[in-house]
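Below is one structure; the comments refer to it alone.
A short reminder: the numbers here are calculations on the coordinates, not readings from a lab. The structure presented is a predicted model; accordingly, all values stated were derived computationally and were not measured. Glycine gets a Cβ as well: all are built from the backbone with ideal geometry, and neighbour counts include every protein chain shown.
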Amino acid sequence: MKKSIYRKFRRNIIFFTLLVSFTPLILLGGIIYYNFVRVYEEKIEDQVKYRAKSQCNTVEVFLRERVAILSTLVDTHSFEYLKQQTNLSHIFDVISRRTDGLVDIGVIDGSGQHIAYSGPYDLAGLNYYHTFWFNEVMSKGKYISDVFMGFRKSPHFIIAVRGHNNGKNWVLRTTIDPDLFHQLVRTAQTGRSGDAYIINKDGIFQTGTRFSGSILGQSNLDTKLFGEGTSLVEKIKLNGRVKYYAGAWLKNNDWLLVISQDVSEEMAGLLTTRNFAILILSLGCLAIIYTTIITTKMTVQRLEKANDGINELNAQLMHSDKLAALGKMAAGIAHEINNPLAVIGEKAGWMRDLLMDEAFTNSDSYKEYSVSIDKIEEHVERARKITHNMLGFIRKMEPRLDDVDINGVLNQTVGLMQNQARLNNITIQMEFDPNIPIIASDQSQLQQVFLNLISNAIDAIEIGKSKEGRINLKTWQKNEYVFISIEDNGPGIPKESERKIFDPFFTTKKTGKGTGLGLSISYNIIEKMGGMINFENKAPQGIVFTIKLPVVLPEKK
C-alpha cells in the first residue's frame with residue numbers, strides 16, 4: 001500500500017515539475033520563433049520588392065535611352081538624309097560603337113514601305129503598313145512594342161519614333177538585342193531558385209525565364225493582383241513550397257517586371273538556426289526530464305527511508321515503553337520474591353540450628369539433611385543475587401557519575417545473560433585484570449553497552465549455528481585508558497556492511513529480530529564518555545568489539 005502511494009507521489013512530482021518547467025519554456029520559444037520568422041519574412045519581402053523596383057528603374061532607363069537616341073536622330077536629321085543607305089549605315093555604325101543593345105535600324109515612309117535598312121536581316125523593301133506597331137507609332141509618335149515574331153520569325157521587340165518632313169510622316173525604327181535585354185532583366189534574380197522576367201498585361205512572357213516558361217508563352221500569372229507601384233503576392237507551388245512574387249510596372253504600365261523567390265532558399269539560414277535551436281531545446285528538455293526523475297527518485301527514496309526510520313523509531317519507543325513497564329513489573333516481582341526468599345533463608349538457618357541438636361546429630365539422615373539445607377541456602381543466595389542485579393539495573397536509569405568497577409559491572413551483566421547463553425550452548429569466558437582502578441562513570445549506561453554487545457554476540461553465534469559457542473570477555477589497562485574487549489566465534493559480518501555497522505537502524509538480523517539501534521546507541525554512549533568503540537571483523541570466524549575508556553578517578557569527578 002505504501003509503495004503504491006510513494007509511486008503515485010513520485011509521478012505527481014515529476015508531472016507537475018515538468019509541466020511548470022516546460023510550459024513557459026515552450027511558450028517563450030514559440031513566441032520568439034514566431035516573431036523572428038515574421039521579421040525574417042518581412043525582410044525577405046522587402047528585399048524582393050526592392051529588387052523589383054530597382055530593376056524596373058534600370059530597364060526603364062535602358063528603354064528611355066534608346067528612345068532618346070532615335071528621337072535625337074529624327075530631330076537632327078532629315079528624312080531625305082536618313083533614307084540614303086550610306087548615311088543610315090554610317091549613323092548606325094556610330095551608334096553601335098557608343099551604345100549596346102541595338103540590332104538594326106530602318107527608315108519607313110508614311111505608306112509603311114521600308115526604304116532604308118542597316119542590319120543583319122534582309123528587310124529592305126518590306127511593307128509594314130498593316131503591322132500593329134506601325135499604326136501605334138503613327139498615332140502616338142513614340143512606341144515600344146511587345147515581343148512579336150514579325151518578318152524575321154524570331155521573338156523580338158522594336159522601338160519606333162515618328163518623324164515629320166514636308167508635311168509627311170515617316171518612322172525611324174530599331175530592334176532591341178533580345179539577348180542583351182534578357183541578360184539585363186535577369187541580373188535581378190538571385191540564388192538557385194530566384195527568377196526575373198517581364199510579362200505584358202495579358203500575362204505573356206516578354207523575356208525568357210529559368211523555371212516558369214519561354215518567350216511568348218503564357219505565364220498563368222494574374223497581373224491584376226499587382227497594383228500600381230510595387231506589390232507582393234504569395235503563390236503556393238504544386239509541391240507545397242511557397243514563393244514570393246514582387247512586380248513593378250514599366251513602359252506606361254504595359255509591361256510587368258516580376259521577381260520571384262523561393263521562400264525555403266531565403267529562409268535556409270533561419271531553418272538551420274531553428275533546427276539547431278530545437279536540438280539544443282530537446283537536449284535541454286531531456287536533461288530537465290532526467291534531472292527531475294533522478295532528483296525526485298532520490299528525494300522520494302530519502303523520504304521513504306526517513307519514514308521507515310520513523311516507523312522503526314516508533315517501534316523502538318514502543319519497545320522502550322514495554323521495557324519500562326516490564327522493568328517496573330520486574331521490580332515489583334523482585335520485591336515480592338525477596339520476601340519469601342528471606343523467610344526461606346531464615347527457616348533454612350533455623351533448620352541448620354536444629355541439626356546441631358544431639359537428637360539430629362546422631363541421626364542416620366544427618367548428612368542428607370545437611371546437604372539439603374546447603375542446597376536450599378545456595379539457591380536462596382543465587383535467587384537473591386539475581387533479583388539484586390535486576391533491581392540494580394532497573395533503578396539506575398538517570399545518567400550520573402558513579403564509582404564504577406568495570407570488572408564488577410561485567411560480572412553483573414554476565415549474571416543477567418548467563419542463563420540465555422547456557423540455553424544456546426554458549427560459554428562465556430572472562431579474563432579480567434584485577435588491577436583496573438575504580439573510575440568515575442555512568443554504571444547503568446556502561447551496563448547497557450555491555451548488555452547490548454553480549455546480547456549481539458549471543459544472537460550472532462545463534463545465527464552462525466556453531467556447535468559450541470564462545471564469548472571471551474577481557475579487560476586491561478594501558479596508560480590512561482581502560483580497555484574492554486568482547487569477542488565471539490560467530491560468522492562475523494559481510495565486508496560490504498562494515499562501514500554501516502554503527503548506522504542507526506542498520507542490522508544484519510532477520511526482520512523483527514532487532515531494531516538496528518543497539519550498536520548506534522552504544523557508540524554514542526561511549527563517545528559521550530570520552531571513549532571509543534572499535535571492531536575487528538574476523539568473518540567467518542567472529543568479530544571483536546573493543547571499548548576504550550579514559551581513566552577518570554573518583555576523586556577527580
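What list do you get for M149, M138 if you sort them by fewest beta carbons within 10 Å?
The most exposed by this proxy come first: M149, M138.
In debye to the nearest 20, how big a dipole does region 1-266 give about its Cα centre with +1 on each Lys and Arg Cβ and -1 on each Asp and Glu Cβ?
That gives a dipole near 2040 debye.
Can you tell me the dipole magnitude for the chain around its Cα centre, using point charges on the Cβ only (Lys, Arg +1; Asp, Glu -1), in Debye to the nearest 20?
For this selection, approximately 1740 debye.
Please report the Cα spread of the chain along all three principal axes, rounded to whole Å, starting with the longest.
Extents along the principal axes, in whole Å: 194, 48, 44.
How fast does region 1-266 diffuse by Stokes-Einstein, in µm²/s, taking the Kirkwood radius from C-alpha pairs at 20 °C and 1.002 mPa s?
The estimated diffusion coefficient comes to 97 µm²/s.
Set the Förster radius R0 to 25 Å, insert the Cβ-Cβ distance between S96 and K153 as r into 1/(1 + (r/R0)^6), and round the FRET efficiency to 0.05.
For S96 and K153, the calculated efficiency is 0.60.
Using Cα atoms only, what is the angle between the long axis of helix 268-355 and the major principal axis of the chain, expressed in degrees (0 to 90) to the nearest 10?
Taking the Cα atoms of the chain, the angle to 268-355 is about 10 degrees.
Can you give me the Rg/Rh ratio for region 398-556, using Cα atoms for both radii and the Kirkwood formula for Rh?
Using only Cα positions, Rg/Rh for region 398-556 is 0.96.
Which order do D442, D488 fall in if you start with the one that has the fewest other Cβ atoms within 10 Å?
With the sparsest Cβ surroundings first, the list reads D442, D488.
Sorted from fewest to most neighbouring beta carbons within 10 Å, what does the list I5, I486 look like?
The fewest-first ordering by Cβ neighbours comes to I5, I486.
Would you be so kind as to identify which of A342, V103, L126 lies farthest towards the positive end of the dipole of the chain, taking Lys and Arg as +1 and Asp and Glu as -1 on Cβ and the Cα centre as origin?
Among A342, V103, L126, the one farthest towards the positive end of the dipole of the chain is L126.
If packing is taken as the average count of other Cβ atoms within 10 Å, what order do 206-216, 371-381 fall into, highest mean first?
206-216, 371-381
Relative to the present Cα-Cα distance, how much length would full extension add between I31 and F9 at 0.36 nm per residue of separation?
Here the answer is 4.6 nm.
Taking Cα centroids, how far is region 151-184 from region 520-546 in Å?
116 Å
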